[in-house]
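Engineer: There's a structure below that I have some questions on.
The values are calculated or read from the model by the stated rules, or taken from the named source; none is laboratory data. It should be emphasised that the depicted structure is a prediction, and the values quoted were computed from it without experimental measurement. Please note: Cβ atoms are built from the backbone with ideal geometry, for glycine as well, and neighbour counts cover all protein chains shown. Accessible surface is based on the protein model in full, side chains and every heavy atom, while ligands, DNA and RNA are left aside. Shrake-Rupley method; radii C 1.70, N 1.55, O 1.52, S 1.80 Å.
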Number of protein chains: 4
Amino acid sequence: MHVIADLCLVPLGVGVSVSRYIAECERILSAAGLKIELHAYGTNIEGEWDDMFQAIQQCHKKIHAMGAPRISTTLKFGTRTDRAQTMADKIKSVQEKLSKS
Amino acid sequence: MHVIADLCLVPLGVGVSVSRYIAECERILSAAGLKIELHAYGTNIEGEWDDMFQAIQQCHKKIHAMGAPRISTTLKFGTRTDRAQTMADKIKSVQEKLSKS
Amino acid sequence: MHVIADLCLVPLGVGVSVSRYIAECERILSAAGLKIELHAYGTNIEGEWDDMFQAIQQCHKKIHAMGAPRISTTLKFGTRTDRAQTMADKIKSVQEKLSKS
Amino acid sequence: MHVIADLCLVPLGVGVSVSRYIAECERILSAAGLKIELHAYGTNIEGEWDDMFQAIQQCHKKIHAMGAPRISTTLKFGTRTDRAQTMADKIKSVQEKLSKS
């Protein structure tokens with residue numbers, strides 16, 4: 001099953017600077033062959049269900065191994081059976097409506 | 001890996017009444033041996049990582065099979081390595097602070 | 001505008017135990033006259049738009065004042081114009097479907 | 001209070017194509033003077049608390065007025081008192097860690 005997701009992972013108990021944990025997770029997602037796009041409040045991910053959730057589990061394991069005792073993650077994910085759709089399609093669809101006055 | 005999660009599944013393209021899809025998902029989560037607690041904006045789930053994410057995948061498959069062409073899910077999930085914690089522990093912890101003036 | 005919401009507030013930079021911050025926020029929401037229901041991964045809130053978002057802003061201010069330098073919040077909220085619906089209605093609606101074999 | 005947020009608005013009861021509703025909301029956020037950045041699963045928003053939440057309320061009102069009887073929104077938002085931070089800062093911070101082998 002094809003999935004488009006948005007991952008926002010928050011490590012707790014390691015202070016306020018969390019970017020090095022996020023960077024490590026980005027590496028794991030990329031290495032898993034997933035299409036990713038970092039934004040200011042998370043990361044868009046596109047790929048197959050099993051690959052994606054296995055990679056996200058690896059992120060949790062890695063971030064715990066880096067010393068974060070607690071992680072609170074918010075994940076949005078969408079699936080559809082009516083048609084194939086990519087992350088780029090979703091953005092293009094809104095932008096087309098915006099370009100019309 | 002032990003996980004406490006909060007699942008909010010929104011089927012699109014099936015009108016405004018979505019409770020029968022949610023009920024079906026509750027059945028799947030229960031049948032998977034997960035501890036669940038329905039609330040007004042989702043379902044708390046407690047269990048092992050693989051069981052939980054496999055059950056959530058089944059929910060998406062089932063809801064598509066019931067006729068929903070599109071599903072947008074929001075999932076929060078937390079893991080911790082510092083200590084074991086249940087859903088009941090989390091609630092009790094806040095309630096204890098509330099009972100102190 | 002009537003709103004049913006689910007608030008999950010995560011203070012960063014204060015260690016792994018965050019329940020005392022959550023308890024303080026519960027007090028603010030209650031004092032604002034909102035209907036609230038604590039669960040294992042957040043708090044359901046029901047009330048009028050302005051009351052709710054003003055109270056949530058107070059929560060952020062209070063938790064910063066308590067010493068948390070950073071807060072990351074996930075809020076789900078729903079509005080509907082087709083009919084009035086309470087938190088209790090939403091739960092009942094799913095439970096009725098569950099009770100039918 | 002300065003806020004960085006991520007808004008994902010899901011209209012229900014209007015079929016599976018929701019981009020024209022999202023586009024309308026983008027217009028409202030922009031017109032409110034907020035900095036916005038569309039991505040594949042939502043929109044990053046940066047600005048002052050009151051401006052942001054007032055604009056989001058306008059989005060709900062507008063989308064209901066366009067014919068959507070129900071809206072389910074997921075909003076993540078962060079505030080911090082330790083230092084000023086922009087959306088661009090957050091992305092740069094992760095990218096710097098990624099550029100180091």
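Engineer: Can you pull out every residue in segment B:1-36 that is modelled with pLDDT of 95 or more, within 23 Å of residue D:68 (Cβ to Cβ) and among the hydroxyl-bearing types (Ser, Thr, Tyr)?
Structural biologist: B:19, B:21
Engineer: Confirm whether residue D:97 is crowded, with 20+ Cβ neighbours inside 10 Å and of a type in the set (D, E, K, R).
Structural biologist: On the way: crowded, with 20+ Cβ neighbours inside 10 Å: no; of a type in the set (D, E, K, R): yes.
Considered against the rule, which asks whether it is crowded, with 20+ Cβ neighbours inside 10 Å and of a type in the set (D, E, K, R), residue D:97 comes out as no.
Engineer: Shifting gears a bit: Give the residues of segment A:1-40 that are within 8 Å of chain D (Cβ to nearest Cβ) and of a type in the set (Lys, Arg), sorted by residue number.
Structural biologist: Within segment A:1-40, A:20, A:27 meet the criteria.
Engineer: In segment C:76-90, what residues are within 17 Å of the chain's Cα centre (by Cα) and either more than 10 Å from chain B (Cβ to nearest Cβ) or in a loop (DSSP other than H, G, I, E, B) (or both)?
Structural biologist: C:79, C:85, C:86 - these are the residues of segment C:76-90 that are within 17 Å of the chain's Cα centre (by Cα) and either more than 10 Å from chain B (Cβ to nearest Cβ) or in a loop (DSSP other than H, G, I, E, B) (or both).
Engineer: Among the numbered criteria (1) within 16 Å of residue D:6 (Cα to Cα); (2) free of Cβ contacts under 8 Å to residues at least 60 places away in the same chain; (3) not hydroxyl-bearing (Ser, Thr, Tyr), which single criterion is violated by residue A:77?
Structural biologist: (2)
Engineer: Looking at (1) at pLDDT below 95; (2) open to solvent by less than 40 Å² (accessible area, probe 1.4 Å), which one does residue A:83 not meet, given that it meets all the others?
Structural biologist: For residue A:83, the failing item is (2).
Engineer: Would you check which residues across segment D:42-75 are in contact with a Lys or Arg (Cβ under 7 Å, 6 or more places away or on another chain) and not in a strand (DSSP E or B) and list them?
Structural biologist: Result: D:69, single match.
Engineer: Same structure again: Looking only at segment D:42-73, which residues are open to solvent by 10 Å² or more (accessible area, probe 1.4 Å) and facing chain A (nearest Cβ under 10 Å)?
Structural biologist: The answer is D:42, D:46.
Engineer: Now, a different point. Going residue by residue through segment B:50-57, is there one that turns out to be free of Cβ contacts under 8 Å to residues at least 40 places away in the same chain and among the charged types (D, E, K, R)? I'd like the intermediate steps shown before the answer.
Structural biologist: Within segment B:50-57, the first condition is being free of Cβ contacts under 8 Å to residues at least 40 places away in the same chain, and the residues that meet it are B:50-51, B:53-55, B:57.
Then drop every residue that is not among the charged types (D, E, K, R), which leaves B:50-51.
Yes: segment B:50-57 contains one or more residues that are free of Cβ contacts under 8 Å to residues at least 40 places away in the same chain and among the charged types (D, E, K, R).
Engineer: I'd like the full set of residues that are aliphatic (A, V, I, L, M), more than 18 Å from residue D:73 (Cβ to Cβ) and in contact with a Leu (Cβ under 8 Å, 6 or more places away or on another chain), limited to segment C:36-87. Outline the logic, then answer.
Structural biologist: Of the residues in segment C:36-87, the ones aliphatic (A, V, I, L, M) are C:36, C:38, C:40, C:45, C:52, C:55-56, C:63, C:65-66, C:68, C:71, C:75, C:84, C:87.
The next check asks that each one be more than 18 Å from residue D:73 (Cβ to Cβ); those that pass are C:36, C:38, C:40, C:63, C:65-66, C:68, C:71, C:84.
Result: C:36, C:63, C:68, C:71.
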